[in-house]
């Protein structure tokens, strides 16, 4: 029996064929997104790459995907996630234990999902990604305490001004660093939204370009590509 038969009317492995995904950041958000995508079927007919230079630390245990033994051995986060994916999804991922810059010589994407900590790093990555021909879809996942924000850009069709406005300091809806206050359900919620957005993108369906969800007050807002572009103008 096909392991993914219960989602066949929602998403098939054929939909994902060749849709390689680069996940930037192996922390709370990146790990949750990776696990979600693996359980959806990503990585079987396409490739998942996770890039992060950091190592496992004690304060990661409550919200990230590591064991105390990973902390004791100061293992690389990407190696710990590769072990998790092999165990939970029987899936091999490609890992890059380095800082992602956006100007890597290797092929990226066509999908890049970034879950880095600061606006400064997002701006630096965007300046390099925006002109790459091998990146077609960017998802930017952000969280702080009980608020998550997901922005995405179809680099083949969308105006980029709306996303670029989100990289301004005054556009940040929460205090940096985004992991200064964190709880796991925010990361899990963000992973669900990212999975849904990538499903829609893979199937050529319409999807919002910005999603904000506040778990404390149970408030959600979405913005279309047209609205995000109009606000930037």
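Only one entry in 92, 104 is in a loop (DSSP other than H, G, I, E, B) and at pLDDT 95 or above, namely 92. So is residue 129 crowded, with 20+ Cβ neighbours inside 10 Å and either more than 30 Å from residue 10 (Cα to Cα) or at pLDDT below 95 (or both) or not? So residue 129 passes the test.
In region 171-184, the condition of being assigned to a loop (DSSP other than H, G, I, E, B), under 27 Å from residue 12 (Cβ atoms) and either touching a helix residue (DSSP H, G or I) at 6+ places or on another chain (Cβ under 7 Å) or at pLDDT 90 or above (or both) is met by no residue.
For residue 48, state whether it is under 10 Å from the mean Cα position of the chain (by Cα) and touching a residue at least 12 places away in the same chain (Cβ under 8 Å). So residue 48 does not fit the description; no. For region 60-74: of the residues being out of contact with any helix residue (DSSP H, G or I) (no Cβ under 6 Å at 6 or more places or on another chain) and within 18 Å of residue 32 (Cβ to Cβ), which is surrounded by the fewest Cβ atoms within 10 Å (Cβ to Cβ)? So the residue we want is 62.
Can residue 156 be described as modelled with pLDDT under 95, under 16 Å from the mean Cα position of the chain (by Cα) and either within 24 Å of residue 215 (Cβ to Cβ) or outside any strand (DSSP E or B) (or both)? In short, no.
Looking across region 18-68, the residues that are within 15 Å of residue 96 (Cα to Cα), touching a strand residue (DSSP E or B) at 6+ places or on another chain (Cβ under 6 Å) and not in a loop (DSSP other than H, G, I, E, B) come down to 21, 22, 23, 24, 30, 34, 48, 49, 50, 51, 55. Taking the residues in region 117-134 that are in contact (Cβ under 8 Å) with a residue 60 or more places away in the chain and part of a loop (DSSP other than H, G, I, E, B) as candidates, determine which candidate is farthest from residue 24 (Cα to Cα). Among them, the one singled out is 118.
For region 107-116, taking the residues that are part of a loop (DSSP other than H, G, I, E, B) and within 17 Å of the chain's Cα centre (by Cα), the one that is farthest from residue 38 (Cα to Cα) is identified as 116. In contact (Cβ under 8 Å) with a residue 40 or more places away in the chain, over 15 Å from the mean Cα position of the chain (by Cα) and part of a loop (DSSP other than H, G, I, E, B) - does that describe any residue in region 72-87? Checked region 72-87: no residue is in contact (Cβ under 8 Å) with a residue 40 or more places away in the chain, over 15 Å from the mean Cα position of the chain (by Cα) and part of a loop (DSSP other than H, G, I, E, B).
In this structure, is residue 3 assigned to a loop (DSSP other than H, G, I, E, B), surrounded by fewer than 16 Cβ atoms within 10 Å (Cβ to Cβ) and at negative phi? In short, yes.
In this entry, residue 22 passes the filter for residues that are out of contact with any helix residue (DSSP H, G or I) (no Cβ under 9 Å at 6 or more places or on another chain), closer than 28 Å to residue 122 by Cα and buried (at least 23 other Cβ atoms within 10 Å of the Cβ).
The values are calculated or read from the model by the stated rules, or taken from the named source; none is laboratory data. This one's a predicted model, so the numbers in the text were calculated from it and none came from an experiment. Heads up, the Cβs are rebuilt from the backbone with ideal geometry, glycines too, and the neighbour counts pull from every protein chain shown.
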